[in-house]
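The values are calculated or read from the model by the stated rules, or taken from the named source; none is laboratory data. This is a predicted model, so every value here is computed, not measured. Glycine gets a Cβ as well: all are built from the backbone with ideal geometry, and neighbour counts include every protein chain shown. SASA here: full protein model, heavy atoms, side chains in, ligands and nucleic acids out. Shrake-Rupley method; radii C 1.70, N 1.55, O 1.52, S 1.80 Å.
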Amino acid sequence: MKIRGFRSEDAAVLAQIFHAAVHGVSARDYSPEQCAAWSPEPAPAEVWQGRAGDGRFVFVAVNAADQPQGFIELERDGHIDCFYCHPDVAGTGVGLALYQQLEAQARDLGLSSLYVEASEAAKRFLTRKGFTDEGRREIERRGVGLHNYRMTKALS
């Protein structure tokens, strides 16, 4: 497994990974109705292409055949926007490798902290990486209530 930067040909696969993660990994903590509101279908590749072109860093974990398995996004202000792994690789170290790349990039940028709105699964992972839970947030997607957690980590 290798971590590399986003390539335009990754866009459709990242959309699939996001959708699969919401309905696989996150389904352990959220109801089917909540998962359907969160990701009713994979977004068009153009959406992911646009995100990658807005100045954020998008790191992609790929297997030996250079097929994406997961991804993480770092905005220039320290915000972690997306962090998803395909359910087939969840718990195998892919997420850890992605996070380590993101934190190294944040340090290289001279950022003093990171912040995120974390799902239940991401909260468990990020707590082990030194993030502090600053409180549960109630949000709504497509008329359905969901929740996440505001979390921060100081970089020293």
Of the residues in region 136-156 that are part of a strand (DSSP E or B) and over 24 Å from PRO32 (Cα atoms), the one that is most open to solvent (accessible area, probe 1.4 Å) is ALA154
Given the structure, is VAL22 β-branched (Val, Ile, Thr) and either in contact with a helix residue (DSSP H, G or I) (Cβ under 7 Å, 6 or more places away or on another chain) or open to solvent by less than 40 Å² (accessible area, probe 1.4 Å) (or both)? yes
Considering only region 101-113, how many residues are surrounded by fewer than 18 Cβ atoms within 10 Å (Cβ to Cβ) and touching a residue at least 60 places away in the same chain (Cβ under 8 Å)? 0
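Conditions tested, residue by residue: (1) over 15 Å from LYS153 (Cβ atoms); (2) over 12 Å from the mean Cα position of the chain (by Cα); (3) of a type in the set (S, T, N, Q); (4) open to solvent by 30 Å² or more (accessible area, probe 1.4 Å).
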{"site": "VAL58", "(1), (2), (3), (4)": "yes, no, no, no"}
{"site": "ALA64", "(1), (2), (3), (4)": "yes, yes, no, yes"}
{"site": "ILE72", "(1), (2), (3), (4)": "no, no, no, no"}
{"site": "ILE80", "(1), (2), (3), (4)": "no, no, no, no"}
{"site": "TYR84", "(1), (2), (3), (4)": "yes, no, no, yes"}
{"site": "ARG124", "(1), (2), (3), (4)": "no, yes, no, yes"}
Just one of VAL116, VAL47 is surrounded by 13 or more Cβ atoms within 10 Å (Cβ to Cβ), modelled with pLDDT under 95 and either touching a Lys or Arg at 6+ places or on another chain (Cβ under 7 Å) or outside any loop (DSSP other than H, G, I, E, B) (or both); which is it? VAL47
Out of (1) surrounded by 12 or more Cβ atoms within 10 Å (Cβ to Cβ); (2) at pLDDT 95 or above, what's the single condition that is false for ALA90? (2)
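Yes/no per residue for (1) within 17 Å of GLU140 (Cα to Cα); (2) more than 16 Å from the chain's Cα centre (by Cα):
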| residue | (1), (2) |
| --- | --- |
| LYS2 | no, yes |
| GLY5 | no, no |
| LEU14 | no, no |
| ALA20 | no, no |
| CYS35 | yes, no |
| PRO42 | no, no |
Has region 88-107 got at least one residue that is assigned to a strand (DSSP E or B) and of a type outside the set (A, V, I, L, M, F, W, C)? no
Among the numbered criteria (1) in contact with a Gly (Cβ under 9 Å, 6 or more places away or on another chain); (2) open to solvent by 40 Å² or more (accessible area, probe 1.4 Å), which single criterion is violated by GLU33? (1)
Which listed residue is free of Cβ contacts under 8 Å to residues at least 60 places away in the same chain, charged (D, E, K, R) and within 20 Å of TYR149 (Cα to Cα), from GLU41, GLU75: GLU75
